[in-house]
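Here is the structure we will look at, set down as structure tokens.
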Amino acid sequence: MKSLAISAISLLLLAGLPSAGVVLADGPVGDKDSVRNDSGSAVGSGQPGTKAIVASASQRFAADTEEAPSFRKHVIPLVGRLGCNGRACHGSFQGQGGFRLSLFGYDFEADLAAMMAGDEPRTNREKPEQSLILKKPTMQVDHGGEERMKKGSWQYKVLLKWIQEGAKGVADTDPDFVSLDVAPQELVFKKTGETAQLRAVVTWSDGSREDVTALCRFTTNDETVAKIDANGLVTCTGKGDTHVVSFYDNGVSPIPVMLPVTDLTGPKYPAIAGRTKVDHLVLQKLRKIGVVPSEVCGDEEFLRRVSLDLTGTLPTAGEIEAFLADKSPDKRAKKVEELFTRPGYAAWWTTRLCDWTGASPNNVGENQFRNEVYQQWYRWIHKRVADNAPYDKLVEGIVLAVGRSNSEQTFREYCEEMSSYFRTDEPANFADRQTMPHFWNRRQQNMPKDKALQFTYAFLGVRLQCAECHKHPFDQWTKQDFDQFTAFFNNIRYGTKRDDNEAFQEMTKELLGEANMRGGQAQQQMAKMIREGKTAPWRELYVETRAAQPQRRRPGNNAPQGGRVLTPKLLGGDEVVAQEYPDPRVALMEWMTHDDNPYFARAIVNRVWANYFNVGIIEPPDDMNLANPPSNAALLDYLAGEFVKNGYDLKWLHREIIASDAYQRSWKPNETNRLDLRNFSRAVPRRLPAEIAYDALVQATGNSDRAHSWLESIDGRAISETLAGRGQGRQANNYVMAVFGRPERASQCDCERSNEPSLLQTVYLRNDDEVLTMLDRRDGWLAEVKNSKDADDDLIRQAYLRTLSRLPDDNEMEIARSHVTQSQGRDAGLRDLVWALINTKEFIVNH
């Protein structure tokens, strides 16, 4: 189920016809675009006022022409197309042969300067044909990058003509990039080996349009389905679906490509009713690719799956029996509502939110209280999940957090409040605070750029790291965009305000007296006194309001900053006037919750979906970029839009997903969907997350009272307040959690949490002393049934229910009965049975 916006133009824009059999989907245009023929004259004129599409540079510059190539429109894209500004060539950090270009050509000013620099510049205005930018890629002189073009080719002529016309850079009056439109909008092949030609057209801010197919870079997201050559010719290589992606200037345009896996498409597709909107959208995609979904799963499978997914807890044996006996048609929906009321729901989903926001005692700012700070972080989020606070309000409490509870609070009052949260006796409830500042206080976020990276990862599902140094290879972001977005966090401080320095020193002296303590010794002493109930001075999170004079910069002007104050700019949005927002994070929050924000709602929807389906609609879930489009864009749009309309209600989102047949389908594949891992045609068995796996072991081997208590309490549970990277008693054993992939939350990547199986996990389940002790403990199930009068068959059924959440089939019952009977006592036989069951794949995966 790996993941597959799209901007497209009419099929009329195609430069050539595809192979027979290829189905081409039109894109809405609004007018019949006029296209220039090979001579450059306009043909097929559309509505009045529509500018004709200029023919490709490969046609216009193949012969002599008076037209001067544009540095931005033609030269830099051509240099990129030839690979000169790639990672392996002059776009690398150190450049090649003393010549360095910006990676993927984002910095026009620097690139022009590089071409003109040195004793022997790459561009020779006096003798254009002697320019190294022409001689090296044509191998007229030695070139480590080998031949990139032929002398006299249209590429050669573009560069030569540009130099002859003065080798001019980007002028202030030059139009800005608007869009890259690629046709056809979708490719549906009928057999392998078929081909189809893409055509790319750029639109500029002055309304001009040009065929830039010959200047684009192309790539495929899956070569086993489709390949694409340097000229945009797509070749079908196998069954399935993927995207091919076109790159030009700041444009990234993915096009869906598919070859149905069967002939069960269109009218041949079986009549399958979709109960929900989610099902209709999933089936809409499956119908295109000829995949028939699996049947809806049985009650046992559903109950185990939803209990683990929603509450991180196995259903009890008695609960399973009651659910199977219930004949009401809406019992699944009722069970979901019941699960919402259990403490496991808030505990597990708080753990997931702590994953994404990076809650960890290993990187908080207050080293003496790092465990307490982590617990406060967890409990603050937990209260809001338990209360079903709207997700946007939960995030707002983190994003807009400051140290002081209100603007009227004095420094001493702030210190009294903070100290009250850390005293040993009857500490104040940190979860009652309106905001949660710990997100901004971590050691990993000392610099504004660190705050920007963590912010985009946590709340937008965007990996912005690449743009820190160069243009993002898979999205529109440039280093300029990164720098301007980082400016939102320039004045976020954690420390002591200038006006409070004197009060801080006075309070320190009051607490420590004349004792000559410094550094760690003083911190330890103050921590001790705080825990005893005394008030100590605290650093705080605040927004520095120093006057700044932001300077606006034109989009596309990527010159080095040179000490200038950058105007904060939203990703893909507008610049923000600092004077209107004393706290620039307010502008960020307004932008994120605006109806047309492309990231905020989609990021959490996609992550929640991935929790239920093993992969996101966009996969990886934390890598939302233009070159990594959704596998089902309509599905993601629907869920995100309705999530916003329903007030960012997380329970609504869970209900909507769980209520669908898509979620409730069996894991058992059919002939059409056995290889499907990206289109949600069946459940994909997935190993239990670390905390849930550990809890399942404890619950399955525990006595009936302990198992039942976990429906009402999370005391002692690994899913509750597990300290990432640190042990917290046996239930959070460091080794076990590490073996099963619990994240330390030390980086901005969902991949830190691993659900992959490993040999160490198998060794732990089979041989570790801790597991064997669980089986034999005094409050365990085996001890509970030691002197039971129940029949062997009844106890075997109980063993299956408490481990695999189902009854044994006839064959399994016969094997188990035989073993228990032939063992040296029933107790030994049952112990073997439970040990065997917790070592099955069926136990350690959710299916």
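The values are calculated or read from the model by the stated rules, or taken from the named source; none is laboratory data. Everything numeric here is computed off the predicted structure, so don't read it as measured data. Glycine gets a Cβ as well: all are built from the backbone with ideal geometry, and neighbour counts include every protein chain shown. Remember, those area values only see protein heavy atoms, side chains included, never the ligands or the DNA or RNA. Shrake-Rupley method; radii C 1.70, N 1.55, O 1.52, S 1.80 Å.
Tabulated data
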quantity: Cα point-scatterer Debye curve for the stretch 738-824, base-10 log of I(q)/I(0) at q = 0.18, 0.22 Å⁻¹; calculated: -0.98, -1.16
quantity: Mean separation of Cα contacts under 8 Å, 6 or more apart, over the residue count of the stretch 198-247: relative contact order %; calculated: 33
quantity: Å² per residue, accessible surface of the chain at 1.4 Å; calculated: 43
quantity: Calculated Rg and Dmax of the stretch 234-320 using C-alpha coordinates, Å; calculated: 19.2, 62
quantity: Cross-link partners of K331 among aspartates and glutamates (Cα-Cα below 19 Å; sequence separation of 8 or more within a chain); calculated: E295, D299, E300, E301, D309, E319, E321, E656, D661
quantity: Derived scalar couplings ³J(HN,Hα) [the stretch 240-254; Karplus, 6.51 cos²θ - 1.76 cosθ + 1.60; whole Hz; x for Gly, Pro]; calculated: x, 9, 7, 10, 10, 10, 10, 10, 7, 6, 9, x, 9, 10, x
quantity: In nm, spacing of pseudo-spin labels at E671 and V296 (7 Å Cα→C-beta vector); calculated: 2.6
quantity: The stretch 389-503, relative contact order in percent, only Cα pairs under 8 angstrom and at least six apart counted; calculated: 22
quantity: In the stretch 231-324, GluC sites (Glu not before Pro) in a DSSP loop with at most 14 other beta-carbon atoms within 10 Å; calculated: E295
quantity: Filter on K135/K161; K383/K569; K136/K157; K288/K334 - keep pairs with C-alpha separation over 25 Å; calculated: K383/K569; K288/K334
quantity: Alpha carbon centroid spacing (whole Å) that separates the stretch 421-442 from the stretch 831-847; calculated: 41
quantity: Trypsin sites (Lys or Arg not before Pro) restricted to the stretch 303-404 and DSSP loop, no more than 13 other C-beta within 10 Å; calculated: K327
quantity: Kirkwood-based shape ratio for the stretch 420-486, expressed as Rg/Rh from alpha carbons; calculated: 1.20
quantity: Candidate residues Y248, Y735: accessible-area rank, largest first, probe 1.4 Å; calculated: Y735, Y248
quantity: Area projected by the alpha carbon convex hull of the chain, averaged over all directions, nm²; calculated: 43.4
quantity: Per-residue HN-Hα couplings for the stretch 200-212 [Karplus 6.51, -1.76, 1.60; θ = phi - 60°; Hz; x = Gly/Pro]; calculated: 10, 10, 9, 10, 10, 5, 8, x, 6, 9, 8, 6, 10
quantity: Candidate lysines for bridging to K285, where Cα separation is under 28 Å - those fewer than 8 sequence places away on the same chain excluded; calculated: K2, K190, K191, K227, K239, K268, K277, K645, K651, K668
quantity: The chain, accessible surface, carbon-and-sulfur percent (1.4 angstrom probe); calculated: 49
